[in-house]
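J.: Can you read through this structure? Questions will come right after.
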Amino acid sequence: MLKRSPLILLLLLLGLARQAGAADESNPNPARFAALQTRAGELEAAGNFKAAAKLHARSKVYAPDDRARAKALLSEADGYYAAGIYRNSKDAYLNLLRSYPLYTPQSHVLQRLREMAELYVDGSIGTFSLKDVPMAIEIYETIIQEAPTAKGTINDHLRLAELQTASGRQAEALVTYEELFRRHAGRSELGTARLAFAQALTDRAKTGGDGDGQLARQARRQLAAFVQEQPTHPRRAEAEGIIAVLDEQQASSLYSLAVFYTNPVHRRLPATRRYLQDILRNYPNTAAAGQAKQLLADLFQDDGSGTGLSAAEAEARADLVSSPMLTAKVVEMLNTIPDPPEPAGTPKQFPPLTEGDDPNKFLLPLGDVNVLE
C-alpha cells in the first residue's frame, strides 16, 4: 500500500488539474451570458466597477462565440481600469490584443495601455508607488508586436527606445530604432526619430566603445538624411552641429592612424598616405585636414593631388630621418672626394735585356719589350 501512495497522489493531482482547467474551458450558454452581462451593467451604473469586472470575467465562460467573449474581456478590462486596479486591467487589455485582434477596438485599447505605461514610469500604480520602467517597456513592446500598423506606433517605438536607453539597455534601443525605420521607411514623421537614433548611436559609441567608428558613421548617415529630408526643420542647425563634431572625431581618428604607421617599428607608409588622403577627401573642412596636408607634403612631397614621391622613395627618406648613423654615412659618402684614377694608356716598364743575354738563343727572338714597334 505504501508503495502505491506516490501513484495515488499523482492521480489526485492530475484530477485536480483537470478540474481547474475545466473551469477555464468554454461552456457556451447564451442565456447565462446575457444574464451576467446585464447584472454587470447594473453594477457599473451603481459605480461598483470592481464587482462588474469580475462578473464580466465570469461571463466569458458562457460566451457563445469569440465576438461575445472579446466584448466581455473588453468590459472586464474597462471595469478594472475604472476601479483603479491597473494590473488586472493591463493583463485583460493585453490578452484582448493577443487573443482577439479582430474584435479589439485598437484605438481605445492602445490609448489605455499607453496611459498605464506612463503611470508605471511615474510610479503612480507600481508596487509601493515605485517606478516600474520594465513594466512600461513590456507594454510598449506588446503594442508594437500586436498592433504594428496601428496609428501612433511611430511614437510607441520612440518612447520604447527612450525607456530602454534610460534603463541602460542601449543595445535594445538601437534594435528598436532599426525596426522603426524598417517598418515605416519613407514616412515624414521619421525626422525627429532620426535625431533620436543618431543621439542613441553616439551615446552607445561613448559608453560601449566604437573602435572602428561604425556607430559614428551610422549616426552621421542618419543626421545627413535628416538634414536632406527636413531642410526647414527647427532642429536642422543642431543636426549640422552634430555632423561637424562627428566629422572632427572621424578625421582625428584617421590622422592618429596615419601617424601610427609612420613609427619605425611598424611603418607602413602606403597606409599612412591612404589615411591622409581619406581625410582630405571625406573631411576637408576639419582641423585634421590641415595637419594631413602638411604631413603629406613632409613625407611624400604631395600637395594632396596624389602626386609626389613613390612609396619606396618615401621609405628611403624616412629611413634616413629615423637613423642618424645612416644619415651620417650617406653625408660622409657624398662629401668624400676619391683619389683620381691612373691615366689610361701608360705602358708598364720592364727591366731591359743585359749584354750577356742573346735574344737569338730563344726559340723565338726576343726584342726589347720596352721599345714599342
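The values are calculated or read from the model by the stated rules, or taken from the named source; none is laboratory data. Computed from a prediction, not measured in an experiment: that's the story for all the values here. When we count neighbours, we look across all protein chains shown, and the Cβ atoms used for this are built from the backbone with ideal geometry, even at glycine. Protein only, heavy atoms only, side chains kept; ligands, DNA and RNA dropped before computing areas. Shrake-Rupley method; radii C 1.70, N 1.55, O 1.52, S 1.80 Å.
J.: Suppose R0 equals 30 Å. What FRET efficiency, 1/(1 + (r/R0)^6) with r the Cβ-Cβ distance, do Gln111 and Arg67 give to the nearest 0.05?
T.: Efficiency computed from Cβ-Cβ geometry: 0.85.
J.: Suppose the chain between Tyr100 and Arg39 were pulled fully straight at 0.36 nm per residue; how much longer would it get relative to their current alpha carbon spacing?
T.: 19.6 nm
J.: Arrange the residues Arg268, Arg87, Arg159 by how much accessible surface each exposes, largest first, with a 1.4 angstrom probe.
T.: So the residues, ranked largest to smallest area, are Arg268, Arg87, Arg159.
J.: With the crude spin-label approximation of a point 7 Å out along Cα→Cβ, what separation in nm comes out for Thr232 versus Gln301?
T.: Label at Thr232, label at Gln301, 5.6 nm between them.
J.: To continue, here is another question. Computed from the mean reciprocal separation of all distinct C-alpha pairs, what Kirkwood hydrodynamic radius does segment 117-203 have, in Å?
T.: Evaluated on segment 117-203, it is 13.3 Å.
J.: If you average the alpha carbon positions of segment 57-78 and of segment 98-112, how far apart do those two centres end up, in angstrom?
T.: When both Cα centres are located, 13 Å separates them.
J.: If you take every residue apart from Thr149 with its C-beta less than 15 Å away from the C-beta of Thr149, what net charge results, scoring Lys and Arg +1 and Asp and Glu -1?
T.: 0
J.: Modelling each spin label as a point 7 Å along the Cα-to-Cβ direction, I'd like the Ala312/Lys131 distance in nm, to one decimal.
T.: 6.7 nm
J.: Rg to Rh for segment 230-280: what is it, with Cα atoms only and Rh by Kirkwood?
T.: 1.27
J.: While we're looking at this one, here's another question. How far, in nm, would the chain grow between Asn27 and Asp122 when pulled straight, counting 0.36 nm per residue and subtracting the alpha carbon separation?
T.: Difference between extended and current length: 30.1 nm.
J.: Right, next: Could you check the simple spin-label distance between Asn155 and Ala171, using points 7 Å along Cα→Cβ, in nm with one decimal?
T.: Inter-label distance under the simple model: 3.2 nm.
J.: Next question, about the same structure. Can you list the equivalent-ellipsoid semi-axes of segment 179-258, largest first and in whole Å, using the square root of 5 times each Cα gyration tensor eigenvalue?
T.: 24, 15, 10
J.: Continuing with the same structure: Classify segment 55-179 as rounded, prolate or oblate from the Cα gyration tensor: take a ≥ b ≥ c as the square roots of its eigenvalues, call it rounded if a/c is under 1.5, otherwise prolate when a/b beats b/c and oblate if not.
T.: Taking the square roots of the gyration eigenvalues as a ≥ b ≥ c, segment 55-179 is oblate.
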